[in-house]
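No value in this document is a laboratory result; all are computed from the given coordinates. Computed from a prediction, not measured in an experiment: that's the story for all the values here.
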Amino acid sequence: MTESIAAELATPTFLADPYPVYRRLIAQTPVFWLPHSNAPGGMWCVARYDHVTFILHQAPIFKDTSRIAPPDRLTPLDRAMLQRDPPDHTRLRRLASHAFTPRRIQSLEPHIEQMSLELLTRIRERSTADFIADYARPLPIMVIAELLGVPFEDHDRFSAWSDQIMTGSDSVLGGEEAARASQEAMASLVAYFTSLIERRRRQPRDDLISALIAARDAEDRLSEDELLGMCVLLLIAGHETTVNLIGNGLLTLLRHPDQLALLRRHSEYLTPAIEEMLRFESPVQRSTPRFAAESFEIEGQRIEAGQQISLMFGAANRDPAYFPDPDRFDVTRHPNPHVGFGSGIHYCLGAPLARIEARVAFSHILEHLPTIRLATDQPEWKPVTWLRGLRRLPVRCD
Ligand code: HEM
């Protein structure tokens with residue numbers, strides 16, 4: 001049974017439309033064991049919203065991979081806050097928030113607007129575009145690179161590394177070549193950040209890396225390893241996900257002309273529309289790894305201490321018990337308690353920035369591309385199951 005689910009999750013049909021499978025899982029097999037290539041044996045997958053939020057808030061779980069993996073297999077990402085538990089997690093998150101302040105994020109908005117308008121002007125001049133390559137991919141990389149203080153000429157390399165790391169980390173699809181490319185990209189990124197941190201240590205600037213170097217909490221500060229882990233995490237967590245929100249969001253709007261027309265007439269729906277995009281085509285479909293700290297039972301299944309657990313955010317966001325008519329895209333949906341940014345202590349640190357980027361992107365698209373429409377009815381999805389994002393999105397806007 002679970003072997004057949006594993007096979008199903010790796011098919012092009014699933015990548016194009018995972019929701020019929022999620023619907024069946026929620027109804028029939030909400031907690032199941034999925035064999036896969038990365039963790040010993042496999043992992044428990046949890047599809048229902050109430051189970052996902054139970055595990056995020058109450059279950060005995062831990063994230064720290066150093067408790068189970070040999071030290072030589074740990075990457076800088078394993079040392080960053082997303083794979084740590086309190087009190088380390090609390091400490092790292094508090095130090096990060098000294099540098100990643102609402103003021104710093106707000107101050108990026110005029111730059112985001114300017115970059116967005118430049119990209120849209122080029123698209124308008126040509127009247128056709130691949131919206132991923134020409135807009136959804138460059139905008140977030142410019143934003144995260146500017147935030148971190150990465151020079152403009154390095155943006156393309158940065159974007160490619162981030163893409164390779166995310167694609168190669170899919171435990172369901174596996175693939176040796178992708179895993180190797182991912183490791184190489186990680187090594188390049190680490191070497192790059194090591195040298196950039198060194199430069200900023202000598203000559204601080206008004207950027208996030210300099211602020212992270214300076215961040216202090218009483219006598220506490222980030223170690224070299226923690227600083228590196230933080231930079232890698234911010235790039236990886238903040239880039240691909242935002243590309244996917246803009247790409248998936250635009251595809252969804254263009255596939256629902258009635259909702260697009262409603263949004264054009266009522267710009268006050270932009271905020272709920274973005275939340276609905278996060279729910280309807282969630283950029284992060286499955287959580288990062290969690291592990292049972294002790295054995296516990298859920299839905300009659302016994303999860304043993306040390307076993308890996310994956311939360312299916314994309315499925316939970318379509319759970320009919322929490323979202324009436326879950327397969328309807330409704331820009332006015334309220335309430336919308338989606339878990340697109342996770343929940344609990346690891347709730348997305350970059351959510352305010354991602355929301356600003358999405359608001360700028362969609363308000364500009366609505367205003368400056370009044371005739372935008374799909375140039376294909378079969379857009380190509382990236383071969384990744386834990387994230388959801390388009391490889392290409394051909395559009396016309398003449
Ligand atoms: C639409 C865009 C984004 C989505 C959908 C998203 C989604 C998520 C999700 C689901 C988690 C929790 C993962 C888990 O619990 O397993 C998370 C955590 C995180 N995200 Fe985001 N994210 C986005 C953008 C960003 C941005 C722009 C940044 C920073 C520049 C960022 C930084 C982080 C960090 C640092 C964490 C770890 C927080 C912690 O462990 O306490 N994210 N994100």
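Key figures
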{"item": "Euclidean distance between Cα centres, region 314-384 to region 75-141, Å", "result": "16"}
{"item": "GNM result for the chain, Cα springs below 10 Å: residue of PRO30, PRO70, PRO102 fluctuating most strongly", "result": "PRO70"}
{"item": "Residue with peak Gaussian network fluctuation, the chain [Cα springs, cutoff 10 Å], from GLY249, GLY168, GLY41", "result": "GLY41"}
{"item": "Shape category assigned to region 259-396 from the gyration tensor of Cα positions, a/c cut at 1.5", "result": "prolate"}
{"item": "Cα gyration tensor, the chain - rounded (a/c under 1.5), prolate or oblate", "result": "oblate"}
{"item": "Shape of region 91-238, Cα gyration tensor, a/c cut at 1.5", "result": "oblate"}
{"item": "Most mobile of GLY350, GLY340, GLY238 in a GNM of the chain (Cα contacts under 10 Å)", "result": "GLY350"}
